[in-house]
Amino acid sequence: MAMEIGRVCTKLLGREAGKNCVVVEIVNKNFVVVSGPKEITGIKRRRCNIKHLEPWNTKIDIEKSAADDTLKEAIEKAKIEGYS
């Protein structure tokens with residue numbers, strides 16, 4: 001499954017392992033920028049290796065580098081089951 005902006009994922013490694021996030025920007029073929037946002041899942045915006053992410057089938061409609069407030073609204077509007 002291709003990593004794309006708006007793809008919902010679960011982090012597999014690191015101190016945030018097991019938490020959910022959304023891809024907000026593609027850096028290159030190995031890295032993406034993800035955000036929880038922090039108020040919802042505890043994951044702050046950061047660069048992440050795509051090998052450390054498990055993508056869901058769910059994708060939300062956001063713009064590249066969307067602000068956390070915009071991201072939060074999109075997540076609430078999408079009513080993603082099990083996202084927190």
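What the table below lists for this structure:
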item: Residues that are in contact with a Gly (Cβ under 8 Å, 6 or more places away or on another chain) and of a type outside the set (Lys, Arg), drawn from region 44-67; result: His52, Ile60, Asp61, Ile62
item: Qualifying residues in region 12-53 (those that are among the β-branched types (Val, Ile, Thr) and in contact with a Ser or Thr (Cβ under 9 Å, 6 or more places away or on another chain)) - the one surrounded by the most Cβ atoms within 10 Å (Cβ to Cβ); result: Val22
item: Failed criterion for Met3 (all others in (1) modelled with pLDDT of 95 or more; (2) open to solvent by less than 70 Å² (accessible area, probe 1.4 Å) hold); result: (1)
item: Region 2-19: number of residues that are part of a loop (DSSP other than H, G, I, E, B) and closer than 14 Å to Glu63 by Cα; result: 3
item: Test result for Ala78, more than 12 Å from Glu4 (Cα to Cα) and in contact (Cβ under 8 Å) with a residue 24 or more places away in the chain; result: no
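The values are calculated or read from the model by the stated rules, or taken from the named source; none is laboratory data. This is a predicted model, so every value here is computed, not measured. Every residue, glycine as well, gets a Cβ built from its backbone with ideal geometry; the counts of neighbours run over all protein chains shown. Areas reflect the complete protein model, heavy atoms only, side chains present, ligands, DNA and RNA absent. Shrake-Rupley method; radii C 1.70, N 1.55, O 1.52, S 1.80 Å.
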